[in-house]
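The structure under discussion appears below in the form of C-alpha cells.
The values are calculated or read from the model by the stated rules, or taken from the named source; none is laboratory data. As the structure is a computational prediction, the values presented were derived from the model and not from experiment. When we count neighbours, we look across all protein chains shown, and the Cβ atoms used for this are built from the backbone with ideal geometry, even at glycine. Ligands, DNA and RNA are excluded from the accessible area calculation, which covers all protein heavy atoms including side chains. Shrake-Rupley method; radii C 1.70, N 1.55, O 1.52, S 1.80 Å.
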Amino acid sequence: MNGWTAHTGMAVCLDVDNIDTDQIIPARFMSQPRVDGYADFLMHDLRRDNKGTLRPDFILNQHPNASVLLAGKNFGSGSSREAAVYALLDSGIQVVIAQSFGDIFASNAINNGVLPALVSADDWQTLHSSCTTPQLDCKVDLNTSTVNMSDTSIPFVIDETWRLKLINGWDDTDLTKEYQSQIDTFRARRFEANTWAWPTASD
Amino acid sequence: MTIARTMLDKLWAAHEIVQREDGSSLLWVDRHLVHEGSHHAFAKLAARNLPVAEPALTFGVADHYVPTRNRLQITDATIARMINTLQSNTQQHGIEFMGLDDPRQGIVHVIGPEQGITLPGLLINCGDSHTSTHGAFGALAFGIGATEVAHVLATQTVWQKKPKSMRININGTLPFGVTAKDIALHWIAKLDNSGAQGHAIEYSGSVIKQLSMEARMTLCNMSIEGGARFGMIAPDNITFEYVKGRPYAPASAQWESAKQAWRQLTTDEGAPFDREIRIDSVDLAPTLTWGTSPDQAIAVDGYIPNPAAYDDAKAQTINSALEYMDLKAGQPIEGTPIDQIFLGSCTNARIEDIRSAAAVLKGKRVKVPGLVSPGSTAIKAQAEREGLDRIFIDAGLEWASSGCSSCVAMNGDTIGSGKRCASTTNRNFRGRQGRGSRTHLMSPIMVAAAALHGAIVDVRSLSLDEACV
Ligand code: SF4
C-alpha cells in the first residue's frame, strides 16, 4: 500500500445519515474477485433505478470524479465487509468526512489507505455550506490533520497510529513480524498456563 | 490493594502480547472462524505466499452463500464457486472445514458455540460483524475486515486499541412475551444505532442472569447494531452447563481447571465503567422495527413516529425511512399487513427460538408464506427429532436447511421488491434482504404471530400457553 500525506481533489456532499455498508455495496456483488474492480458496485442501489440506469440526480453520478466525500452521520455502519472500502477506493474516493463512522468500517478504510476524517457537528455544518456546489480544490492534509476548502481550514480527528499508517503506507503484517519473538513467548506461556484454551482434538 | 477490574480489563490483559507506545495492543487470537466471504483474505495471503500460522485454531464453515433447498445439486455457478473456494483454501492450509455434507455445518456464530469452539475466556475473531455473539460466553469476540482476517491467518494476532467500557444493567424479570430480541431492540432504539460506538458492552443484572445461553447470544449478537464491536456476559453455571461435553470443549481432565479460570473473569465489585445504562424490565414490551435501521424500533403497541415532532435532520431521516417502508407517520404499527415471514439467522434460529415459534404455530395455519431456516444442521436435526418441522410444515411454512439465507440474501433467498417481511434477523437496512425489500425485525414469537395474522400483531394478545413462551 502506498502512503500519502496530502490529497487534493473534488469534494461533494452526500447529506444522508446511516449509509451502512449494505448500501455502500449490496451483498450480491461481494463474490467478485478484487482484481475485477469494485467501482461499478459503489452505492449501486442508490445510484441506479430498478432497470439499472444511473439516476441523474445522484451526486456521485453528477460528479464521478469526486475523491472527497462529505457524508452523513454513522457512515459505514453495519456489516464488516471490506468490499465497501474497495468500492469507494476503486471509484477514486480517498477521503470520507463525517461526524461518526462504523468502527469496523473505519479500520478497514485505514487498511486500504482511505481516510475516515472525523469532524465536529459545527465543522461539518461549515463544510456542508461550502460544499453545496462541488469544491474542486479540496485539500486534505495528514500532516496538519485539516480539510481545506474555499478559504476555510477545518481540523479533523484521527488516531495517531492510523495517521502514521496512512502516511507511511504501513502494512500491519509487516509491522507484526518485528514482534515474532514476543508472539512465540506469549503462545508458549498461554498454552502452558491455560491448557483448556487449546481446542480438544476432534476425532 | 488490588484494583477492581472489569471483565473487559481481564480478558484484554490475558491476551495482550505487547502494547505499543501509541496505545495499540497486539492481541493473541485463540479462535479464528472463516467463511466463504474470507476469499479476499485468503487471496491476500496467497499474494504474499504466506502460510496460515495456526491452522488448528482456525475453523472454516460454509454459511453465507449456501442454498437452503436442494443443496446437494448446486445450480448457481457463483454459489458453487464460493463454496469450492473456501473448501480448497481451507484444505490447502490444513484448516478444519465444515461443508454442506457435514452434520456440523451451520451459521458460523451458531456452530462456534455448538461445537465448543467458542469458550469463556477466549479471544475470537471472524470476518463478520456479528462475532460479538460469542461474547455471550464471556469471551472477547469481535468482527474484523478482510485485511485483518489475512493478518490473523498469517500471525494469529490482531492489532486493536482497547475500547471504552459500557455496562447495560437490566434488572427485574422479563414480562410475558418479551425476549432477548426485545431487550436488544429496546436499548438500541434508546441509545440510537451509533450510541455504543467505540465501546465494549457488558450486559448484566438480574434479567441477564436468568437468560439461557441462546437468549444471551441473541443479545450479544445485536451489540453491533448499536455500534458496539463487542458484547459480553459474565460466564456462570448456565454457561458451563451449555459448554460441557461439546466436541471441542475441554475434556474432563481439564474441565475443572477451565471452570476455575472462567469464574475469575467476572467484573470485580466496584470496577468503574466509562458508561452505565440502566433498564428496568417493566419498561420492556415486544418490540419491532418500523424503519430502515435497527434503532428505528418501537413497542408493538406503539405508534410510528411523526417527523413533525423532531428537528429537521431527524425528520428527514424518519421521512425517508417511512417512504422506503411505505408506512404512514403517527399510525399504530400493529395491524400493518405483511407479505411473508423469515425465521432464521445467527440472531434467532437456535433451538429455543424454533421451539418458541413452533409453540405459537402449533395446530394453526398461517396467512402468509414464509421460510424457516434453522441456525445449524444440528439444530435442524434436533427440531426434527422433536417433531417441530411438522408444526411449521402443517402451518403452511417452508422448512429448509441451514445457512444465512434471507438474512443477507446472498444465496438467492431474497425478499421481493416492495414486499414486507416479518423477520427474526438483525438488520433492516435498505435492500438487505433483496433490493427494495421491507424488513421488520422482531422476535421469533412475534414473527410466528405475524404469520398467523398476515399482519403485525401483539403476541401477548394471542391465547397462548404461557409456559411455552
Ligand atoms: S446470519 Fe446474517 S448476520 Fe448472521 S452471519 Fe449470516 S449474514 Fe451475518
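With respect to B:Ser345, determine if the residue is open to solvent by less than 20 Å² (accessible area, probe 1.4 Å) and either in contact (Cβ under 8 Å) with a residue 24 or more places away in the chain or in a loop (DSSP other than H, G, I, E, B) (or both).
yes
Restricting to region A:58-85, name every residue that is open to solvent by 10 Å² or more (accessible area, probe 1.4 Å) and touching a Cys at 6+ places or on another chain (Cβ under 8 Å).
Correct list: A:Ile59 only.
Can you tell me which residue among A:Ala201, A:Ala188, A:Ala197 is closer than 30 Å to B:Ala14 by Cα and open to solvent by 70 Å² or more (accessible area, probe 1.4 Å)?
Values: A:Ala188 fails: open to solvent by 70 Å² or more (accessible area, probe 1.4 Å); A:Ala197 fails: open to solvent by 70 Å² or more (accessible area, probe 1.4 Å).
Just a single option satisfies the conditions, and that option is A:Ala201.
I'd like to verify a number: residues in region B:102-140 that are more than 18 Å from B:Ala349 (Cα to Cα) and either modelled with pLDDT under 95 or within 13 Å of the ligand (Cβ to nearest atom) (or both), how many?
2
Confirm whether A:Gly113 is in a loop (DSSP other than H, G, I, E, B), surrounded by fewer than 23 Cβ atoms within 10 Å (Cβ to Cβ) and not β-branched (Val, Ile, Thr).
Against the criterion (in a loop (DSSP other than H, G, I, E, B), surrounded by fewer than 23 Cβ atoms within 10 Å (Cβ to Cβ) and not β-branched (Val, Ile, Thr)), A:Gly113 qualifies.
Does B:Ile208 meet the test of being more than 23 Å from B:Gly270 (Cα to Cα), in a helix (DSSP H, G or I) and in the same structural domain as B:Arg278 (by TED's automatic domain parsing)? Quick ask: steps written out before the conclusion?
Numbers: more than 23 Å from B:Gly270 (Cα to Cα): no; in a helix (DSSP H, G or I): yes; in the same structural domain as B:Arg278 (by TED's automatic domain parsing): yes.
Criteria not met by B:Ile208.
Taking region B:115-161 only, how many residues are at the interface with another protein chain (Cβ under 7 Å from one of its Cβ atoms), open to solvent by 10 Å² or more (accessible area, probe 1.4 Å) and of a type in the set (S, T, N, Q)?
Matching residues across region B:115-161 total 2.
Can you tell me which residue among A:Leu88, A:Leu70, A:Leu60 is outside any loop (DSSP other than H, G, I, E, B), at pLDDT 95 or above and in contact with a strand residue (DSSP E or B) (Cβ under 6 Å, 6 or more places away or on another chain)?
Step by step, each of A:Leu88, A:Leu70, A:Leu60 is checked, and only A:Leu70 is outside any loop (DSSP other than H, G, I, E, B), at pLDDT 95 or above and in contact with a strand residue (DSSP E or B) (Cβ under 6 Å, 6 or more places away or on another chain).
Any residue at all in region B:357-369 that's surrounded by fewer than 24 Cβ atoms within 10 Å (Cβ to Cβ) and within 15 Å of the ligand (Cβ to nearest atom)?
Within region B:357-369, none of the residues are surrounded by fewer than 24 Cβ atoms within 10 Å (Cβ to Cβ) and within 15 Å of the ligand (Cβ to nearest atom).
I'm checking my understanding of the structure. Among residues of region B:398-410 that are more than 14 Å from chain A (Cβ to nearest Cβ) and open to solvent by less than 10 Å² (accessible area, probe 1.4 Å), which one is farthest from the ligand (Cβ to nearest atom)?
Per the stated criteria, the residue is B:Ala400.
Go through region B:216-232 residue by residue and tally those that are within 12 Å of the ligand (Cβ to nearest atom) and within 10 Å of chain A (Cβ to nearest Cβ).
Looking only at that region, the number is 2.
Taking the condition out of contact with any Gly (no Cβ under 7 Å at 6 or more places or on another chain), at pLDDT below 95, within 16 Å of the ligand (Cβ to nearest atom) and under 23 Å from B:His40 (Cβ atoms), does A:Ala27 pass?
yes
Could you please let me know if B:Leu86 is more than 7 Å from chain A (Cβ to nearest Cβ) and either open to solvent by 10 Å² or more (accessible area, probe 1.4 Å) or under 26 Å from A:Arg34 (Cα atoms) (or both)?
Answer is yes for this residue.
Picking from B:Ala146, B:Ala139, B:Ala184, which residue would you name as being assigned by TED's automatic domain parsing to the domain that holds B:Leu57, farther than 30 Å from A:Gly113 by Cβ and not acidic (Asp, Glu)?
Unique residue meeting the criteria: B:Ala139.
In this structure, does B:Ser345 turn out to be within 16 Å of the ligand (Cβ to nearest atom) and polar (S, T, N, Q)?
Answer is yes for this residue.
Here is a list: B:Ala261, B:Ala249, B:Ala253. Which entry is within 11 Å of chain A (Cβ to nearest Cβ), away from the ligand (no atom under 16 Å from the Cβ) and open to solvent by less than 10 Å² (accessible area, probe 1.4 Å)?
B:Ala249
Of all residues being closer than 18 Å to B:Val457 by Cβ and over 17 Å from the mean Cα position of the chain (by Cα) in region B:415-429, which is farthest from the other protein chains (Cβ to nearest Cβ)? Just the residue, please.
Once the filter is applied, the top-ranked residue is B:Arg420.
Among (1) small (Gly, Ala, Ser); (2) part of a loop (DSSP other than H, G, I, E, B); (3) over 25 Å from A:Ala106 (Cβ atoms), there is one condition B:Ala228 misses while meeting the rest; what is its number?
Unmet condition: (3).
For B:Ser443, which of the numbered conditions (1) surrounded by fewer than 19 Cβ atoms within 10 Å (Cβ to Cβ); (2) closer than 23 Å to A:Ser77 by Cβ fails to hold?
With respect to (1) surrounded by fewer than 19 Cβ atoms within 10 Å (Cβ to Cβ); (2) closer than 23 Å to A:Ser77 by Cβ, B:Ser443 is out only on (1).
Residues to consider are B:Ile188, B:Ile168; find the one that is within 16 Å of the ligand (Cβ to nearest atom), buried (at least 24 other Cβ atoms within 10 Å of the Cβ) and at pLDDT 95 or above.
B:Ile188
Can we say B:Met213 is more than 14 Å from every other protein chain (Cβ to nearest Cβ), under 16 Å from the mean Cα position of the chain (by Cα), of a type in the set (A, V, I, L, M, F, W, C) and within 27 Å of B:Ala449 (Cα to Cα)? Full working, then the answer.
Numbers: more than 14 Å from every other protein chain (Cβ to nearest Cβ): yes; under 16 Å from the mean Cα position of the chain (by Cα): yes; of a type in the set (A, V, I, L, M, F, W, C): yes; within 27 Å of B:Ala449 (Cα to Cα): yes.
Yes, satisfied.
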